[in-house]
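A short write-up of the structure that comes next.
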Amino acid sequence: MNKYTETLQQFDDLEESWDQKWLIENLIPEGEPILLYAPSGSYKTFTSLHIALLIANGKNSLGESNQRKTLYLVLEGKHGFKKRLEALKSHGLSTDDFFMTTQAFDILNPKDVRVLMESIKKHEFGFVVIDTLSKCIGGGDESQTSVAREIMTAMDFITQSTGASLLMV
(Lines give C-alpha, C1' and ligand atoms only; values in the text may rest on other atoms or scores of the structure.)
Protein backbone atom coordinates (compact mmCIF):
# COMPACT_ATOMS: atom_id res chain seq x y z
CA MET A 1 0.00 0.00 0.00
CA ASN A 2 1.46 3.36 -1.08
CA LYS A 3 -0.10 6.38 0.63
CA TYR A 4 0.71 8.62 -2.30
CA THR A 5 -0.76 6.31 -4.93
CA GLU A 6 -3.87 5.82 -2.77
CA THR A 7 -4.49 9.56 -2.40
CA LEU A 8 -3.77 10.87 -5.91
CA GLN A 9 -6.28 13.44 -7.15
CA GLN A 10 -6.70 15.51 -10.25
CA PHE A 11 -7.66 19.17 -10.33
CA ASP A 12 -11.32 18.50 -11.20
CA ASP A 13 -11.60 16.23 -8.12
CA LEU A 14 -10.48 18.82 -5.56
CA GLU A 15 -13.04 19.55 -2.90
CA GLU A 16 -14.17 22.97 -1.70
CA SER A 17 -12.28 22.29 1.53
CA TRP A 18 -9.13 23.16 -0.44
CA ASP A 19 -10.42 26.71 -1.02
CA GLN A 20 -8.87 29.33 1.27
CA LYS A 21 -11.35 31.16 3.47
CA TRP A 22 -10.43 34.57 4.88
CA LEU A 23 -11.13 36.60 8.01
CA ILE A 24 -9.72 39.64 6.18
CA GLU A 25 -9.61 39.07 2.43
CA ASN A 26 -6.12 38.16 1.19
CA LEU A 27 -4.55 39.11 4.52
CA ILE A 28 -5.74 36.94 7.45
CA PRO A 29 -6.66 33.34 6.57
CA GLU A 30 -9.42 31.64 8.54
CA GLY A 31 -8.39 28.80 10.84
CA GLU A 32 -4.67 29.16 10.14
CA PRO A 33 -1.59 30.16 12.13
CA ILE A 34 -0.02 33.49 11.18
CA LEU A 35 3.29 34.97 12.25
CA LEU A 36 3.78 38.75 12.28
CA TYR A 37 7.49 39.52 12.32
CA ALA A 38 9.20 42.90 12.07
CA PRO A 39 12.04 44.80 13.76
CA SER A 40 11.58 46.23 17.24
CA GLY A 41 9.75 49.56 17.22
CA SER A 42 7.86 48.91 13.99
CA TYR A 43 4.36 49.04 15.55
CA LYS A 44 3.67 45.29 15.53
CA THR A 45 1.41 45.49 18.59
CA PHE A 46 -0.55 48.45 17.21
CA THR A 47 -0.92 46.69 13.85
CA SER A 48 -2.02 43.38 15.39
CA LEU A 49 -4.41 45.20 17.75
CA HIS A 50 -5.92 47.06 14.77
CA ILE A 51 -6.37 43.80 12.88
CA ALA A 52 -7.94 42.16 15.96
CA LEU A 53 -10.43 45.00 16.39
CA LEU A 54 -11.31 44.98 12.69
CA ILE A 55 -12.11 41.28 12.95
CA ALA A 56 -14.02 41.73 16.23
CA ASN A 57 -16.12 44.39 14.48
CA GLY A 58 -16.42 42.76 11.05
CA LYS A 59 -14.96 45.94 9.55
CA ASN A 60 -13.23 45.97 6.21
CA SER A 61 -10.79 48.88 6.07
CA LEU A 62 -8.03 46.39 5.15
CA GLY A 63 -10.25 44.29 2.90
CA GLU A 64 -13.40 42.22 3.14
CA SER A 65 -13.68 41.07 6.76
CA ASN A 66 -15.64 38.41 8.63
CA GLN A 67 -16.62 39.18 12.21
CA ARG A 68 -15.25 36.87 14.88
CA LYS A 69 -15.04 37.05 18.64
CA THR A 70 -11.41 37.93 19.43
CA LEU A 71 -8.97 37.08 22.23
CA TYR A 72 -5.75 39.04 22.71
CA LEU A 73 -3.01 37.70 25.00
CA VAL A 74 -1.12 40.79 26.18
CA LEU A 75 2.15 39.25 27.34
CA GLU A 76 4.23 42.46 27.24
CA GLY A 77 3.66 46.19 27.04
CA LYS A 78 0.40 46.15 28.97
CA HIS A 79 1.00 49.68 30.30
CA GLY A 80 0.69 51.23 26.83
CA PHE A 81 -2.03 48.86 25.66
CA LYS A 82 -4.99 50.90 26.95
CA LYS A 83 -3.85 54.01 25.06
CA ARG A 84 -3.48 52.02 21.84
CA LEU A 85 -6.96 50.57 22.34
CA GLU A 86 -8.47 54.00 23.03
CA ALA A 87 -6.86 55.41 19.87
CA LEU A 88 -8.44 52.66 17.76
CA LYS A 89 -11.81 52.96 19.52
CA SER A 90 -11.87 56.66 18.60
CA HIS A 91 -12.16 55.51 14.96
CA GLY A 92 -15.49 53.80 15.64
CA LEU A 93 -14.24 50.33 16.61
CA SER A 94 -16.17 48.62 19.38
CA THR A 95 -14.66 46.32 22.00
CA ASP A 96 -17.86 44.31 22.50
CA ASP A 97 -16.42 41.15 20.91
CA PHE A 98 -12.83 41.86 21.92
CA PHE A 99 -11.39 40.22 25.03
CA MET A 100 -7.89 40.29 26.48
CA THR A 101 -5.82 38.72 29.20
CA THR A 102 -2.39 39.33 30.69
CA GLN A 103 -2.21 35.79 32.07
CA ALA A 104 1.18 34.16 31.48
CA PHE A 105 1.24 31.63 28.64
CA ASP A 106 3.92 29.19 27.45
CA ILE A 107 3.27 27.77 23.99
CA LEU A 108 5.91 25.07 24.64
CA ASN A 109 3.96 23.82 27.68
CA PRO A 110 1.26 21.28 26.67
CA LYS A 111 -0.84 22.13 29.75
CA ASP A 112 -0.90 25.85 28.86
CA VAL A 113 -1.80 25.02 25.26
CA ARG A 114 -4.65 22.76 26.41
CA VAL A 115 -6.01 25.42 28.80
CA LEU A 116 -5.87 28.06 26.04
CA MET A 117 -7.64 25.74 23.59
CA GLU A 118 -10.38 25.04 26.15
CA SER A 119 -10.91 28.77 26.60
CA ILE A 120 -11.00 29.36 22.83
CA LYS A 121 -13.64 26.66 22.42
CA LYS A 122 -15.69 27.64 25.50
CA HIS A 123 -15.90 31.32 24.52
CA GLU A 124 -16.07 30.62 20.77
CA PHE A 125 -13.14 32.86 19.86
CA GLY A 126 -12.49 32.88 16.12
CA PHE A 127 -9.34 35.00 16.22
CA VAL A 128 -6.54 34.87 18.80
CA VAL A 129 -3.48 37.10 19.07
CA ILE A 130 -0.47 36.11 21.17
CA ASP A 131 1.70 39.18 21.71
CA THR A 132 4.63 38.45 21.87
CA LEU A 133 6.45 35.25 20.91
CA SER A 134 9.48 36.03 23.05
CA LYS A 135 7.27 36.10 26.18
CA CYS A 136 5.50 32.78 25.53
CA ILE A 137 8.38 30.34 25.05
CA GLY A 138 9.65 29.98 28.60
CA GLY A 139 13.41 29.49 28.45
CA GLY A 140 13.36 28.51 24.77
CA ASP A 141 15.26 30.31 22.03
CA GLU A 142 13.01 30.94 19.01
CA SER A 143 16.05 31.15 16.74
CA GLN A 144 16.81 27.45 17.33
CA THR A 145 15.30 25.22 14.66
CA SER A 146 13.95 22.68 17.15
CA VAL A 147 12.21 25.38 19.22
CA ALA A 148 10.79 27.07 16.11
CA ARG A 149 9.44 23.69 14.98
CA GLU A 150 7.77 23.15 18.38
CA ILE A 151 6.20 26.62 18.21
CA MET A 152 4.79 26.01 14.72
CA THR A 153 3.54 22.56 15.74
CA ALA A 154 1.73 24.05 18.75
CA MET A 155 0.26 26.86 16.61
CA ASP A 156 -0.97 24.32 14.04
CA PHE A 157 -2.43 22.16 16.81
CA ILE A 158 -4.32 25.12 18.32
CA THR A 159 -5.79 26.22 14.98
CA GLN A 160 -6.70 22.72 13.83
CA SER A 161 -8.27 21.82 17.18
CA THR A 162 -10.29 25.01 17.59
CA GLY A 163 -10.85 26.33 14.07
CA ALA A 164 -9.64 29.76 15.23
CA SER A 165 -7.06 31.82 13.40
CA LEU A 166 -3.97 32.47 15.52
CA LEU A 167 -1.71 35.49 15.05
CA MET A 168 1.66 35.27 16.79
CA VAL A 169 3.51 38.59 17.12
State the percentage of accessible surface on the range 107-169 attributable to carbon and sulfur atoms; use a 1.4 Å probe and exclude ligands, DNA and RNA. 49
How much accessible area per residue does the chain have, in Å², with a 1.4 Å probe? 62
Please get the size of the charge dipole for the range 53-108, origin at its Cα centre, with Cβ charges of +1 on Lys and Arg and -1 on Asp and Glu, quoted in debye to the nearest 20. 180
Directionally averaged projected area (convex hull, Cα atoms, the range 35-105), nm²: 5.2
Which label in (i) 10.1; (ii) 15.0; (iii) 12.3 gives the computed mean projected area of the Cα convex hull in nm²: (iii)
Past 25 Å, Cα to Cα: identify those pairs from Lys44/Lys69; Lys21/Lys78; Lys44/Lys122; Lys21/Lys122; Lys59/Lys111; Lys111/Lys135, in the order given. Lys21/Lys78; Lys44/Lys122; Lys59/Lys111
Sequence gap at least 6, Cα distance under 8 Å: using those rules, report the relative contact order of the range 1-79 to the nearest whole percent. 25
Cα-based Rg and Dmax for the range 1-45, where Dmax is the largest Cα-Cα distance (Å): 17.6, 53
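The values are calculated or read from the model by the stated rules, or taken from the named source; none is laboratory data. Please read all numbers here as calculations on a predicted model, not as lab measurements. Quick reminder, even Gly has a Cβ in these numbers, built from the backbone with ideal geometry, and neighbours come from all protein chains shown. Calculation scope for accessible area: heavy atoms of the full protein, side chains included, ligands and nucleic acids excluded. Shrake-Rupley method; radii C 1.70, N 1.55, O 1.52, S 1.80 Å.
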